[in-house]
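The values are calculated or read from the model by the stated rules, or taken from the named source; none is laboratory data. Values in this document were obtained by computation on a predicted structure and should not be read as measured data. Cβ placement follows ideal geometry from the backbone for every residue including glycine, while neighbour counts extend to all protein chains displayed.
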Amino acid sequence: MKRADLRKLGARIVHWSVLFVFTVLLAFPFYWMLIAAFKQNLDLYTVENNPFIFNARPTLDHLRLLFNETRFVRWLGNTALVGVIVVAITLLLAMPAAYALARLTGRWGQRLGIGIFLTYLVPPTLLFIPLSRVVAILGLQDTIWSVVLVYPSFTVPFSIWLLMAFFKSIPKELEDAAMVDGLTRFGAFVKLVIPISVSGILTVVIFTFTLVTQEFVYALTFISPESNQMVGVGIPIFLVRGDVYFWGSLMAACLIASLPVALVYNMFLDRFIAGFTVGAVK
């Protein structure tokens with residue numbers, strides 16, 4: 001075998017080895033949640049048992065507890081509804097703001113963008129007290145509309161910062177040509193910039209929805225009734241009772257809640273890393 005062929009073989013072996021290691025590491029949490037969701041309690045808590053296999057017959061008791069004794073489906077619905085509304089509000093506010101900062105403000109655009117992004121870095125532990133006052137004045141306490149009001153305070157700054165980079169990557173010549181052909185600035189933004197920036201917009205949608213599902217402090221502070229809880233708060237509150245942890249039900253809930261987001265990430269991964277402006281220029 002020639003030396004060049006040996007190098008190609010070695011490079012391929014290294015490539016697939018690295019890919020295998022990362023695949024195993026990334027898939028292991030889902031495997032663990034899946035197997036723990038169907039294990040009997042005795043199998044889970046016996047330290048002599050192999051934790052990575054079923055040492056006893058699988059059971060559906062944890063799923064029955066999750067669906068029959070909690071409002072898990074309602075929590076998922078609340079989270080999905082809030083996520084969709086917050087994503088819509090975020091896109092409605094962030095896209096024109098990011099475009100204006102990227103195109104229309106000159107050298108101050110970058111500085112204003114940094115200032116807006118710094119508001120995203122303010123921790124919720126400093127803001128939930130004054131925001132709770134605002135929520136109470138508006139009469140939104142203990143409703144999902146309280147978090148619909150509050151969540152854009154951190155999703156919009158993050159999305160503006162993210163979209164600015166995408167809009168700056170689009171050559172200005174494309175917009176100039178569109179306006180020469182008769183489009184207004186707004187028309188060029190709607191008919192040219194937005195379609196080219198689909199990859200960035202999808203990234204914002206998924207990241208925004210992920211931020212909403214993972215948020216804990218605001219949802220815990222503003223919502224008390226069990227029926228109005230978000231999934232990120234309802235699961236730990238109602239499946240951890242004192243010093244008793246319902247591990248099987250906890251893992252089942254985490255698996256069901258995280259799989260859709262993981263699948264969406266996987267479906268649109270190529271769009272995130274694709275050179276979308278190259279295709280537009282061509």
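Results, tabulated for the structure shown:
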{"quantity": "Neighbours by Cβ (under 6 Å, 6+ apart or cross-chain): first from the stretch 74-97, assigned by TED's automatic domain parsing to the domain that holds Ile206; second small (Gly, Ala, Ser) and in a helix (DSSP H, G or I)", "calculated": "Arg74/Ser227; Trp75/Gly234; Thr90/Ser159; Ala94/Ser159"}
{"quantity": "Residue within the stretch 207-219 that is surrounded by 15 or more Cβ atoms within 10 Å (Cβ to Cβ), over 25 Å from Trp108 (Cα atoms), touching a residue at least 40 places away in the same chain (Cβ under 8 Å) and among the acidic types (Asp, Glu) present", "calculated": "yes"}
{"quantity": "Which listed residue is over 30 Å from Pro195 (Cβ atoms) and within 25 Å of the chain's Cα centre (by Cα), from Leu138, Leu149", "calculated": "Leu149"}
{"quantity": "Residue that is surrounded by the most Cβ atoms within 10 Å (Cβ to Cβ) [pool: residues in the stretch 84-119 that are at pLDDT below 90 and under 17 Å from Tyr151 (Cα atoms)]", "calculated": "Ile116"}
{"quantity": "Condition check for Met230: hydrophobic (A, V, I, L, M, F, W, C) and modelled with pLDDT of 90 or more", "calculated": "yes"}
{"quantity": "Residue that is surrounded by the fewest Cβ atoms within 10 Å (Cβ to Cβ) [pool: residues in the stretch 53-83 that are among the basic types (Lys, Arg) and touching a helix residue (DSSP H, G or I) at 6+ places or on another chain (Cβ under 8 Å)]", "calculated": "Arg74"}
{"quantity": "Condition check for Leu239: of a type outside the set (Val, Ile, Thr), crowded, with 17+ Cβ neighbours inside 10 Å and at pLDDT below 90", "calculated": "yes"}
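This table checks each residue for (1) touching a Ser or Thr at 6+ places or on another chain (Cβ under 6 Å); (2) not in a helix (DSSP H, G or I).
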| residue | (1), (2) |
| --- | --- |
| Asn50 | no, yes |
| Ile53 | no, yes |
| Leu66 | yes, no |
| Trp75 | no, no |
| Thr79 | yes, no |
| Val84 | no, no |
| Ala94 | yes, no |
| Ala97 | no, no |
| Ala100 | no, no |
